[in-house]
Structures are given as structure tokens and as C-alpha cells.
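Colleague: Please see the structure below; I have some questions.
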Amino acid sequence: MWKKARGFKYILTVLIIIALICGCGSNIPIEEEIEKTVPVKVTFSQMEDLPEYQSFPGKILAMDEVTLTPKMGGIVEEVLVNEGDRVKAGQVIIKLEQKDIISQLNQAQAAYDAAMAQLSSLENGQMPQQIAQLESAVNQAEANFKNAKEN
């Protein structure tokens, strides 16, 4: 039993000596031990007017969206409204190039004139069946002309 107590005393003595050796020496310089300070500017509070608005990021969506489809295809010559403008039903918002439309109108007019000429020549003594065919051709050419004129 004395051997155990003696061994315990020996270990305890060695640990105390090691603790004293470690605790006595310090490698930290005194200057670093002092807490570093940061300079600040001090001002007094004042009464001021603050803006009464705030801005927040967001996205605005339209209540209604409409798909636009022109009566006829073509190249857009001019856009008559800007993004975000209010428009009404039936309002013209773009203009298409007129070259193709005028060409189609002229062709329809020429076809109408030719059909009218044939009809008038046949009315002066041709067969009733040919007259009915030409009247039908005149009516068709007239409908095409009106359609081209409206578009």
C-alpha cells in the first residue's frame, strides 16, 4: 500500500513542477496585451425631416393580356404606340408597308375590270350559260376587290 501512495506522491510532484514551469513563462509582449482601440466620430442627434416614401423592388403585371393578330401579314412600317400606353379596342397601333397591299388592290381592280369587259361583250349576243359563268366571275372579282380594299 505504501508503494501505491509513494507512486502517487511521485506523480503528483512531477505534475506540480510541470505546471509551475509552464505557467511562469509568457511569450506575449506587454504591448499586445493592451486592448486596441478604434477611433470614432461622435455627433449629437438632430431633428430632421425624413422622406415619406419607400421604394421596394417588384414586378407589375397587367390584369388582361391580349394577343394581337393583323388582318393580313406584312412588314411593320411604323409602331404608333409605346410600351405601357393605354389603347382602346379598334385603335390602330401599327402600320404595315403599303407596297404589297397596293399591288394586291391593283391586281383585284384589273381582274374586276377584265371580268366586266368580258361580261359586257357576252351580253351582246352570247349564250346564257357563258353569261352566267361570267356574272359569277364578276361577282367573285368584285368580292375580292372589296376584301382587298377593306384590308
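Colleague: For a footprinting-style exposure proxy, rank 71, 41 by other Cβ within 10 Å, fewest first.
Modeller: Result, fewest neighbours first: 41, 71.
Colleague: Quick one: 134, 105, 68, fewest Cβ neighbours within 10 Å first, how do they rank?
Modeller: Placing the least packed residue first, the sequence is 68, 105, 134.
Colleague: Straight-line reach only, C-alpha to C-alpha below 20 angstrom: list the lysines that residue 59 could link to, leaving out same-chain residues fewer than 8 apart.
Modeller: Filter leaves no residues.
Colleague: Next up: Between residue 101 and residue 38, what is the label-to-label distance in nm when each label sits 7 Å out along the Cα-to-Cβ direction?
Modeller: 7.0 nm
Colleague: Now for a separate question. Count charges around residue 97 for me, please; just the other residues with Cβ under 12 Å from its Cβ, Lys/Arg as +1, Asp/Glu as -1.
Modeller: Summing Lys and Arg as +1 and Asp and Glu as -1 gives -1.
Colleague: Suppose each label sits 7 Å from its Cα in the direction of the beta carbon; what would the residue 65-residue 12 distance come out to in nanometres?
Modeller: So the two model labels end up 8.6 nm from each other.
Every number here is computed from the coordinates shown, using simple stated rules; none is lab data. Computed from a predicted model, the values in this text were never measured in an experiment. Glycine gets a Cβ as well: all are built from the backbone with ideal geometry, and neighbour counts include every protein chain shown.
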